[in-house]
1. What do the square roots of 5 times the Cα gyration tensor eigenvalues come to for segment B:85-244, in whole Å, largest first, as semi-axes of the equivalent ellipsoid?
2. Would you give the gap between the C-alpha center of segment A:1-60 and the C-alpha center of segment B:117-162, rounded to a whole Å?
3. List every residue whose amide H lies under 5 Å from the amide H of A:Tyr130, counting only residues 5 or more places away in sequence or on a different chain, with H placed 1.01 Å from N in the peptide plane.
4. How large is ³J(HN,Hα) for each residue in segment A:122-136, as worked out from phi by the Karplus curve 6.51 cos²θ - 1.76 cosθ + 1.60 (θ = phi - 60°), to whole Hz, x for Gly and Pro?
5. Starting from 0 in steps of 10 Å, tell me what percent of the Cα-Cα pairs of the protein assembly as shown lands in each bin.
6. FRET efficiency for B:Ala187 and A:Ala58, Cβ-Cβ distance as r, R0 = 30 Å, nearest 0.05?
7. Let me check I have the definition right: for segment B:107-169, take the eigenvalues of the Cα gyration tensor, multiply each by 5, take square roots. What are those semi-axes in whole Å, largest first?
8. Nearest 500 deg cm²/dmol is fine: what mean residue ellipticity at 222 nm does the protein assembly as shown get from its DSSP H runs of n ≥ 4 alone, each adding -39,500 (n - 2.57), divided by its residue count?
Number of protein chains: 2
Amino acid sequence: MDADDTSRAERLGGGSLLVAWQLNDKNVLVVGGGEVASQRIESILTADSYITVIAPEAGLHPRTKRFIDLRADRISYHNRPFKGPQDLDGKDMVLTALDDNFLSRHIVEMSRERRIPVNAADIPDLCDFYFGAQIRDGPLQIMISTNGNGPRMASLIKTRLQKGLSGREGEAITKVGQLRSKLKERAPGVGGTLGRERMKWMSTLCNSWEMEDFTHLDDTLMDKLLDEGWNKDKRVPKPQELGLPIRFYYLSALFSATPMPIFPTILAFVAGALAATSFISYKR
Amino acid sequence: MDADDTSRAERLGGGSLLVAWQLNDKNVLVVGGGEVASQRIESILTADSYITVIAPEAGLHPRTKRFIDLRADRISYHNRPFKGPQDLDGKDMVLTALDDNFLSRHIVEMSRERRIPVNAADIPDLCDFYFGAQIRDGPLQIMISTNGNGPRMASLIKTRLQKGLSGREGEAITKVGQLRSKLKERAPGVGGTLGRERMKWMSTLCNSWEMEDFTHLDDTLMDKLLDEGWNKDKRVPKPQELGLPIRFYYLSALFSATPMPIFPTILAFVAGALAATSFISYKR
C-alpha cells in the first residue's frame, strides 16, 4: 500500500455494499401489485425465487398481472390486502411497494424483528438494501447504484455503459465458465496448490485472449485447449493454435470495445481530404 | 407487455438479485486476515460499517494491517483464531476468508442459525451473497457479477465499462442529489401528487440536460434553476438560460460518452487524404 492507497483507505465511506444476493428457490414476499411491484417481481424472477404476491386485484399493474399468469410455476398470488405477521412466515426476503406508508413501516418493523431482509419502495431510510438500474446479458449482470441520488441518473449511466459493450460478453462468460468446469474435472479439489495453479492458468488465458475469442469455443475446442495447454506444462495456447480465426488484436481491441463513432471518423476523413487538396494546390 | 415481454418473462432466471446493501453503522465480522480479507475490509469500509477482524497476526496481509492501523475508528482487531458462536454475537453480517474450509463451513452454519447474512470466500454454495468487480466514483457505484463464472472476466468487463465513462459522472450525480434535496425543501412530503410532479420535473431535467452540465451547478445556480424552472409553472430551463457554457450537444454526446479512438480517426484522415490525392491525380 503506497501513499495513494493510504489516503484512499482514509477516505473510504459514504457508499453501500454492492452484492449479488442468492435467492435460488428461496421465498420472497411482495406486498403490493403496482408498477414498482412489477419491477420487483421481474428482478426476483431473475434470481429463481418463489414469490408470494399479496395485493387486491383492483390495484394490479398489467405487467404484474402478466407475470402472475405466465409464471404460475414461481408466483403464488393472493387477491387481498396484507393481513398480519402470519404473512411473513417462512419468508427469506420481504419487499413492499405500497402507497400506504404507515403499513409499509409496520411491515418493515415486523420483518426486522424476524431478521428478514426488507426493502420498502420509496422509503430509503427503512431499507436493508436498495435496488439499482441493471444490465443483463446471460450470466453477466451489472448494477448501477447512485446511493439514493436519483434513479434517472442511474438509467442514464446505464445507457453510457451499454455503449462500451459489444453484446457478446455474456456468451464469452458462459464459455469461460464451461471451460473452468472442464478444468476442474481434470484437476479437482478446492483451494491448495492445484487450486492456485488452476486459477493462474485461467487468469493468464483470460488476459491473453480477446473476450470475443471465447465465443468461438465449442466442446471439442475446449478439450483441445486443455490438451494443448493445461496438460502440456500448463502453457496458454494462442487462439490461432486451435484454428480460431486469426484476428488483428490491436484493431479488434479498439473496435470491439468502443463502438465506431461515425461523426469523428467522417470529420477526420474530410480533414484528411482537405489537407491533401490544399497541400497539392499549394505545391502547384 | 407485448410478445417480446412475454417471452422474456418466461425466460427470466439463472441470475442473482443485485442489491446495494445498507451497512451504515452496522457490525460486520471478518474472520481471516489474508489478501481476500483485505478486499472485504475495503468493501465494507466503503459502506460505513463497524468491522471486527478476527485473525492471528502471523497471517495478516500487509493491506489488512494498514487498514487496521489507519481505520481504528471503524476496525477492532482481535489477534487470535475464531473461538466459537460468541464471536457472532451482535453481528449483522459475517464474512469468512479462511484456508480452512471445515471451519468456514462451521461458521456459515452458525450464522445461518442466527439468520445473519454470510459469505464464505471460495465456497460459493455456502454464500448468501457474492461479491463482484466494482467501479466507484463518489455516489456512483457499479457492480459487475458473472454469477460465479470467473472473477477475471468481471475485471475485464470492468475495463470495458470504464472506457464508456467520462469520469465526471460521480460529480454530476452529487449535484443532482443536492438539487433534489433543495427541491424537496420547496415542495416537501412523501408520495402523492406533489411527489409525482417533483419526480417528473427532475426526470425531464435529467433527460434534457447533458450529464456533465450538472457539474457546473453551484448553490446559487441551483436556486436560480428552481426559481426559473420549478417555481415558474414547473418548466425545465435550458443550461444556457442559467449562463452555463453553451455546448454543442450533438458533438458533446458523441465525444463525452465514447473516448476518442485515435487509431480509427488517423486511419480516416489518411483515407481522406489518399482519396483526395488520387481524385486530383486522376482529374489531371
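1. 45, 21, 12
2. If we compute the Cα centre of each part, the gap is 15 Å.
3. Excluding prolines and chain starts, which carry no amide H, the hits are B:Ala20, B:Trp21, B:Gln22.
4. Couplings: 6, 10, x, 5, 9, 8, 6, 7, 10, 9, x, 5, 9, 10, 10 Hz.
5. P(r) over the protein assembly as shown, rounded to whole percents: 3, 14, 22, 25, 20, 10, 4, 1, 0, 0.
6. 0.55
7. Working: eigenvalues 178, 42, 7 Å².
Ellipsoid semi-axes (Å, largest first): 30, 15, 6.
8. Values: 20 runs with 264 residues, N = 568.
Result for the protein assembly as shown, helices only: -15000 deg cm²/dmol.
Bear in mind these aren't lab numbers, they're just calculated from the coordinates by the rules spelled out. It should be emphasised that the depicted structure is a prediction, and the values quoted were computed from it without experimental measurement. Methodologically, a virtual Cβ is constructed for each residue, glycine included, from the backbone with ideal geometry; neighbour enumeration extends over all protein chains shown.
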